[in-house]
Amino acid sequence: MKSEHILARPPLVLSQEQRESYFENGYLLLEGFVSREWLDRIWEVSNGFIERSRELTRSDAMLALDPAHSADNPRLRRLIDPTEHHPLYWDYVSQGPLVDVAEDLLGPAFKFHHSKLNFKWSSGGEEIKWHQDIQFYPHTNYAVAAFGLYMSDVDDEMGPMGVIPGSHKGEIHDQYDEHDQWVGHISDSALERVELDKVKWLTGPAGSVTVHNCRTVHGSLPNMSDRGRPLLLHTYSAADALPLTPRATQTRHEGRLIRGAPARWVEFDSDPCQLPPDRTNQPGVTIFSSQNREPSV
Ligand SMILES: O=C(O)CCC(=O)C(=O)O
């Protein structure tokens with residue numbers, strides 16, 4: 001569904017101004033949007049995964065570890081595909097408070113694509129270099145958006161998500177390096193064409209929500225504070241946006257309709273999209289391992 005048709009429908013939870021701003025700028029920040037009750041439930045489950053990580057000495061298909069991880073000092077980069085590992089995460093993405101937000105931005109019919117929990121641990125939790133998401137999971141059109149939940153208060157020192165307003169209307173960048181290796185970020189030379197000086201660092205209290213379109217250039221700095229920055233992210237796509245490539249892991253929930261009816265017609269956007277390498281059978285691969293050129297687990 002085109003943005004003008006989405007905007008013509010009455011909104012459920014956002015103001016019309018917020019929706020227009022999303023389509024104009026390619027992102028939205030909803031401060032303190034998710035309730036303490038949801039946060040407490042998500043924290044309880046997530047703490048269980050942090051405890052489990054103490055048993056690991058290397059990353060596996062579920063838990064991606066920071067190089068400095070140890071049993072005494074657990075440092076997780078990411079819980080991969082959380083909806084596969086605990087039903088609470090699926091409840092959150094399928095029935096939680098962001099479902100109405102997604103309907104306001106993607107239209108009445110949309111699907112789940114995938115989720116992840118990026119921990120960005122304290123005292124050096126890693127940078128995520130500037131990139132666009134859609135080259136990781138190309139679809140037939142660009143009505144695909146990532147929804148992030150800050151599980152803790154996030155300030156400027158903690159490596160908040162940074163977005164470049166309006167960049168979703170610009171070029172789709174090459175995310176391979178000069179040796180044709182997929183690195184999942186935009187090269188320094190191409191970044192000269194990105195208006196990095198316009199970056200908006202999205203900060204806010206626990207429960208704040210970031211939304212960015214799949215073409216929006218975004219990234220985040222290392223977390224040099226003494227506080228962690230857990231960001232629970234998931235992606236929805238409009239029902240008429242069909243994925244073109246398989247993910248590294250086939251999950252139970254990918255493609256599940258969250259609202260509305262299955263599409264009868266597929267929508268094609270004529271802007272070409274770069275394809276990622278075939279990642280099937282590499283379940284532990286993450287944006288961190290690609291950007292840091294680490295061998296896959
Ligand atoms: O965790 C972040 O700051 C950004 C996450 C992100 O862009 C990603 O995982 O694709």
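A short reminder: the numbers here are calculations on the coordinates, not readings from a lab. No experiment lies behind these values; they were computed from the predicted model shown. Note that each Cβ is placed from the backbone with ideal geometry, even for glycine, and that neighbours are counted across all protein chains shown.
Some notes on this structure:
- Projecting label points 7 angstrom from Cα along Cα→Cβ for LEU275 and LEU88 puts them 4.0 nm apart.
- Full extension of the chain segment joining ASN292 with GLN181 gains 38.8 nm, where the gain is 0.36 nm per residue of separation less the Cα-Cα distance.
- Lysines with Cα under 25 Å of LYS129, excluding same-chain neighbours fewer than 8 positions away: LYS116, LYS120, LYS169, LYS198, LYS200
- Placing a pseudo-label 7 Å from each Cα along the Cα-to-Cβ vector at LYS200 and LYS169 gives an inter-label distance of 1.4 nm.
- Three-way shape call for region 173-297 based on the alpha-carbon gyration tensor, with the a/c threshold at 1.5: rounded
- Region 155-242 shape via C-alpha gyration tensor axes, a/c threshold 1.5: oblate
- Counted charge near SER225, where neighbours are those whose Cβ lies closer than 13 Å (Asp, Glu -1; Lys, Arg +1): -2
- Between ARG9 and ARG264, the contour length at 0.36 nm per residue exceeds the Cα-Cα span by 89.8 nm.
- Nearby aspartates and glutamates by direct alpha-carbon distance to LYS111 (threshold 15 angstrom, same-chain neighbours under 8 apart not counted): ASP91, ASP100, GLU103, ASP240, GLU254, GLU267
- Gyration tensor (alpha-carbon) shape descriptor, the chain, a/c threshold 1.5: rounded
- Paramagnetic label reach from ASP100 (point 7 Å along Cα→Cβ; backbone nitrogen cut-off under 16 Å): within region 22-49, residues 30-38.
- Approximating the spin labels as points 7 Å out from Cα along Cα→Cβ, the PHE23-to-GLU44 distance works out to 4.1 nm.
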